[in-house]
Amino acid sequence: MRSYNKEMPEEQNRILTDHLSSLLFCPTDTAVMNLKKEGIWKGVYQIGDVMYDAVKGYAKQLENYSFEYFFSHLQGIFNNKISRIQSWYLATIHRVENTNNIEKFGEILEAFELLDSKVIFPVHPRINTLIKRFLTTKAYSNIIFLKPLGYLDMLYFTKHAVKVITDSGGLQKEAYLLGTNVVTVRGETEWIETLADNHNVLAKASKDDILKKVLSLSLSDSTRKNVFGDGNAAKKICSILAELT
């Protein structure tokens, strides 16, 4: 995948890894085309997305547990008690471009504070100190700052969120697969397929633009296209490797 933002360490690593690899298992047609543009044709297979394998498999387990089960796992980063809520946005913000600029990160928190439902915000360990710095000067009553959640918990709170607000590439895609609309706080995304029909929209790291995109922009509730395969990517990879050995 490509964001075409060379300042992202992830983008540098993608390009380096792809050009060193002899086998490349692509999640989408877009990924195949990206490689062709860079002169990589040999050893390229479009097998769907392994993340869809995981989401498809583990999402079935969510039905075995109640809301109370998942809600009981929520732990505030300062061990504060979490009050029960019925409606929420799920947010994750961790990228350097959004967290290394104090003013920009402050704008993001201000937007979360003004939303019409509580914001569940699992905090990346890298920005714990930054969060504490903001909380020494202001109390955010609409944001629930949490310790990181486990995979099943994240799937549950993603699936049942009003919307997801994130700068994570993986969470964008998980939300898309689970049928939850996304506002991505970045200038670009690797997962351009999710942008079709406004299932995912990009927002600037500013209070006004985030609020506009989350509250005012009409995101699509139409059926999502099956662009990430059929949930059997891992089996296809194993079959290809078996044929090559």
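The values are calculated or read from the model by the stated rules, or taken from the named source; none is laboratory data. On a predicted model such as this, the values are computed, not experimentally measured, just so you know. We place every Cβ from the backbone using ideal geometry, glycine too, and count neighbours over all the protein chains shown. For accessibility, only protein heavy atoms count, side chains too; no ligands or nucleic acids. Shrake-Rupley method; radii C 1.70, N 1.55, O 1.52, S 1.80 Å.
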- Near pairs, Cβ below 7 angstrom, 6+ apart or cross-chain, from the stretch 213-237 (aliphatic (A, V, I, L, M)) to any residue that is in a loop (DSSP other than H, G, I, E, B) and open to solvent by less than 30 Å² (accessible area, probe 1.4 Å): V214/L115; L219/N181; L219/H199; V227/T28; A233/I47; A233/G48; A233/D49; I237/I47
- So which residues in the stretch 1-47 are open to solvent by less than 30 Å² (accessible area, probe 1.4 Å), farther than 26 Å from R95 by Cβ and either in contact with a Lys or Arg (Cβ under 8 Å, 6 or more places away or on another chain) or touching a residue at least 60 places away in the same chain (Cβ under 8 Å) (or both), if there are any at all? I47
- Note on the structure: Within the stretch 93-110, the count of residues that are open to solvent by 20 Å² or more (accessible area, probe 1.4 Å) and closer than 17 Å to L211 by Cα comes to 4
- Which condition does F71 not pass, out of (1) hydrophobic (A, V, I, L, M, F, W, C); (2) over 19 Å from F228 (Cβ atoms); (3) touching a strand residue (DSSP E or B) at 6+ places or on another chain (Cβ under 6 Å), if it passes all the others? (3)
- Query: Taking V55 and the conditions (1) more than 17 Å from A234 (Cβ to Cβ); (2) open to solvent by less than 50 Å² (accessible area, probe 1.4 Å), which numbered condition does it fall short on, given that it satisfies the others?
  - Reply: (1)
- Is there a residue in the stretch 125-145 that is under 24 Å from N5 (Cβ atoms), among the aliphatic types (A, V, I, L, M) and either open to solvent by 30 Å² or more (accessible area, probe 1.4 Å) or touching a Ser or Thr at 6+ places or on another chain (Cβ under 9 Å) (or both)? yes
- Query: Does L149 satisfy the condition of being within 26 Å of H73 (Cβ to Cβ) and either outside any helix (DSSP H, G or I) or of a type outside the set (F, W, Y) (or both)?
  - Reply: yes
- Here are Y89, Y65, Y58: which of them is touching a helix residue (DSSP H, G or I) at 6+ places or on another chain (Cβ under 7 Å) and among the hydroxyl-bearing types (S, T, Y)? Y58
- Message: Of everything in the stretch 173-207, what is open to solvent by 20 Å² or more (accessible area, probe 1.4 Å), in contact (Cβ under 8 Å) with a residue 40 or more places away in the chain, among the charged types (D, E, K, R) and part of a helix (DSSP H, G or I)? Give them in sequence order.
- Response: E174, E193, K207
- Task: For residues that are of a type in the set (G, A, S) and at pLDDT 90 or above, scanning just the stretch 114-147, find the one that is farthest from T99 (Cα to Cα).
- Result: S117
- Message: Need pairs with beta-carbon distance below 7 Å; first residue farther than 13 Å from K147 by Cβ and within the stretch 62-87, second open to solvent by 100 Å² or more (accessible area, probe 1.4 Å); sequence gap 6+ or separate chains.
- Response: F71/R84
- Exactly one of (1) open to solvent by 10 Å² or more (accessible area, probe 1.4 Å); (2) outside any loop (DSSP other than H, G, I, E, B); (3) hydroxyl-bearing (S, T, Y) is unmet by Y89. Its number? (1)
- Message: So for the stretch 123-131 (the condition being in contact (Cβ under 8 Å) with a residue 40 or more places away in the chain, under 20 Å from S206 (Cβ atoms) and assigned to a helix (DSSP H, G or I)), does at least one residue qualify?
- Response: yes
- Message: Please list, ordered by residue number, the helices (runs of 4 or more DSSP H) wholly in the stretch 1-82 having 2 or more residues that are of a type in the set (K, R) and at pLDDT 95 or above.
- Response: 29-37
- Query: Taking into account only those residues within the stretch 208-238 that are open to solvent by 60 Å² or more (accessible area, probe 1.4 Å) and at pLDDT 95 or above, which is nearest to the chain's Cα centre (by Cα)?
  - Reply: K212
